[in-house]
Amino acid sequence: MRIEQKIKVEFNYNIYFTHDVFNPQNTTLKKLMKEKRAKIMVFIDSNVHSCWPDIKDRIHQWFDTYPDAGTIVKPIAIVKGGEECKTNFKYFKIISQFIKDSKLDRNSFIIIIGGGAVLDAVGFVASITYRGIPHIRIPTTVLSQCDSGIGVKNAINFYNEKNYFGTFMPPYGVINDFNFLKTLKTRYWIAGISEAFKVAIIKDNSFLNFLISNTEKLKKREQRTMGKIIYYSAKLHAEHISKGNDPFEKTSKPLDFGHWAAHYIESKSKYRINHGEAVAVGIILDMTIAKNRGLINKNEYEMVYNALKNFGFKLWYDSLLNKGKNKFLEIYDGLEEFRRHLGGKLTLIMPDGLGNRCEISDISHREIVSALLEMKKNYETQ
Ligand SMILES: NC(=O)c1ccc[n+]([C@@H]2O[C@H](COP(=O)([O-])OP(=O)(O)OC[C@H]3O[C@@H](n4cnc5c(N)ncnc54)[C@H](O)[C@@H]3O)[C@@H](O)[C@H]2O)c1
Ligand SMILES: [Zn+2]
């Protein structure tokens with residue numbers, strides 16, 4: 001006997017781009033909420049809250065102007081910004097306690113305003129509470145507007161492993177508000193650009209050239225240029241997720257070129273090195289391996305290396321040569337952790353010329369060592 005069960009679940013969500021989402025003239029959130037009139041709980045990244053001290057009042061005023069959009073429950077919650085909120089389990093409890101105290105249910109909504117870490121941490125708790133309270137993301141960093149905030153994943157770090165606990169739960173909607181970027185520290189303004197490089201190198205050479213040719217404007221924090229970079233990067237990421245009807249990565253691979261080493265670098269630094277900063281080093285490590293395999297040529301390699309260097313990315317850390325178990329470098333274990341995250345089979349995305357990609361299923365220890373020594377030499381001679 002057998003009962004055949006087939007369930008199809010479709011997710012549709014919009015990614016909006018705007019300025020000053022809580023200006024009473026701005027109707028983006030109203031469009032997104034579609035007159036749901038539900039209870040809404042808001043979480044704000046603590047650093048966003050410090051930089052925008054009137055944000056709570058503005059949110060209340062906005063909802064007073066558009067009561068059909070929903071009812072804000074009090075208090076608006078502030079969550080510690082940065083990787084700490086994903087790493088220290090104390091914040092998992094604080095976030096879930098806020099939700100419990102607010103008496104939300106599955107017809108309520110959670111709005112999350114913040115960097116990639118706060119979006120991941122609150123999004124994770126939202127996605128497992130009552131088997132999923134819908135969440136709306138308002139990403140406030142370059143990285144989260146380019147990449148993390150528009151995707152379908154939520155996670156927290158545990159057992160010293162990046163994103164150990166997590167869910168595939170798409171947001172109800174996303175609003176990229178460029179205004180928030182004004183208060184971002186230059187460090188994070190630059191760091192997020194590495195995710196745009198990542199997607200450009202493996203998907204779109206003209207986007208890569210656009211990024212490189214706008215280095216000076218981006219370094220001067222020209223908002224309009226950054227807006228274009230974010231829009232295009234978000235578009236490429238969103239298309240990758242929806243294409244192939246495999247958003248939960250059963251068979252297709254995430255856009256994680258340069259990420260196996262990045263995750264290792266971040267966690268080994270105890271998250272002092274931010275995700276975007278680590279991705280830049282991970283990109284260069286994989287580009288070096290790709291060059292040594294003949295997948296890209298020396299000119300292509302140097303173009304990307306110099307571009308990331310010109311943006312101010314630090315492209316070498318001595319800890320990359322830390323010795324681990326069995327005479328292997330510690331970073332080599334990062335490959336094993338990454339394999340588990342991918343579901344058992346190691347598949348790494350590599351550039352195949354600039355703007356194209358291919359997949360490889362192994363990297364030897366010897367290749368990694370030789371690429372790292374080359375990176376160290378490059379760093380020391382420049
Ligand atoms: N879910 C995914 O698919 C996905 C994809 C990529 C990255 N990520 C995750 O995203 C995280 C990195 O995100 P991030 O680069 O945004 O870093 P972040 O969230 O740590 O933010 C960087 C810093 O900027 C502060 N901040 C945020 N917005 C601000 C603003 N407008 N003004 C002033 N300060 C502000 C934050 O509090 C933090 O201190 C990592 O945990 C990474 O794993 C997730
Ligand atoms: Zn990333």
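Things worth noting here:
- Checking SER108 against (1) away from ligand 1 (no atom under 14 Å from the Cβ); (2) at pLDDT below 95; (3) crowded, with 22+ Cβ neighbours inside 10 Å; (4) not acidic (Asp, Glu), the condition it does not meet: (2)
- For first residues located in segment 134-153 and over 19 Å from PHE248 (Cα atoms) and open to solvent by 10 Å² or more (accessible area, probe 1.4 Å), partners that are more than 10 Å from ligand 2 (Cβ to nearest atom) and of a type in the set (Val, Ile, Thr) and lie 6+ apart or on another chain with Cβ distances below 9 Å form the pairs LEU143/ILE193.
- Checking VAL48, VAL79, VAL21 one by one, the residue that is in contact with an Asp or Glu (Cβ under 6 Å, 6 or more places away or on another chain) and surrounded by 21 or more Cβ atoms within 10 Å (Cβ to Cβ) is VAL21 and no other.
- Taken over segment 261-312, the criterion of being of a type in the set (Asp, Glu), within 16 Å of ligand 1 (Cβ to nearest atom) and open to solvent by 10 Å² or more (accessible area, probe 1.4 Å) is satisfied by GLU277 alone.
- Just one residue in the set SER213, SER233 is out of contact with any strand residue (DSSP E or B) (no Cβ under 9 Å at 6 or more places or on another chain), within 16 Å of ligand 2 (Cβ to nearest atom), of a type in the set (S, T, N, Q) and modelled with pLDDT of 95 or more; that residue is SER233.
- Residue within segment 171-183 that is within 25 Å of ILE133 (Cα to Cα) and open to solvent by 20 Å² or more (accessible area, probe 1.4 Å) present: yes
- ILE113 falls short of the stated requirement of being in contact with a Pro (Cβ under 9 Å, 6 or more places away or on another chain), away from ligand 1 (no atom under 14 Å from the Cβ) and closer than 22 Å to HIS19 by Cβ.
- Of the residues LEU315, LEU255, the single one that is open to solvent by less than 40 Å² (accessible area, probe 1.4 Å) and within 12 Å of ligand 1 (Cβ to nearest atom) is LEU255.
- Any hit, segment 119-131, residues being near ligand 1 (Cβ under 7 Å from one of its atoms), open to solvent by 30 Å² or more (accessible area, probe 1.4 Å), under 11 Å from the mean Cα position of the chain (by Cα) and not aromatic (Phe, Trp, Tyr): no
- Of all residues in segment 145-192 being within 14 Å of VAL48 (Cβ to Cβ) and charged (D, E, K, R), the one that is farthest from ligand 1 (Cβ to nearest atom): ASP177
- Number of positions in segment 141-170 that are within 15 Å of ligand 2 (Cβ to nearest atom) and over 20 Å from THR129 (Cα atoms): 10
- In segment 262-282, the residues that are without any contact (Cβ under 8 Å) to a residue 24 or more places away in the chain and β-branched (Val, Ile, Thr) form no Cβ pair under 7 Å with any partner that is surrounded by fewer than 22 Cβ atoms within 10 Å (Cβ to Cβ) and in a helix (DSSP H, G or I), whether six or more places apart or across chains.
- In segment 208-215 there is no residue matching the filter, namely being within 12 Å of ligand 1 (Cβ to nearest atom) and either in contact with an Asp or Glu (Cβ under 9 Å, 6 or more places away or on another chain) or not charged (D, E, K, R) (or both).
- Taking segment 145-257 and the helices (runs of 4 or more DSSP H) fully enclosed by it, the elements with 1 or more residues that are farther than 27 Å from ASN88 by Cα are at 193-203, 205-213, 215-219, 223-242.
- Within segment 161-196, being within 29 Å of ALA290 (Cα to Cα) and over 13 Å from the mean Cα position of the chain (by Cα) holds for GLU161, TYR164, ARG187, TRP189, ILE190.
- Residues in segment 327-382 that are of a type in the set (Val, Ile, Thr) and touching a Phe, Trp or Tyr at 6+ places or on another chain (Cβ under 7 Å): ILE331, ILE349, ILE368.
The values are calculated or read from the model by the stated rules, or taken from the named source; none is laboratory data. A quick note: this is a predicted structure, and the numbers were derived from the prediction, not measured. Ideal geometry is used to build each Cβ from the backbone, glycine not excepted, and the neighbour counts take in all protein chains shown. For the accessible areas, the whole protein counts, side chains as well, though only heavy atoms, and no ligand, DNA or RNA atoms are used. Shrake-Rupley method; radii C 1.70, N 1.55, O 1.52, S 1.80 Å.
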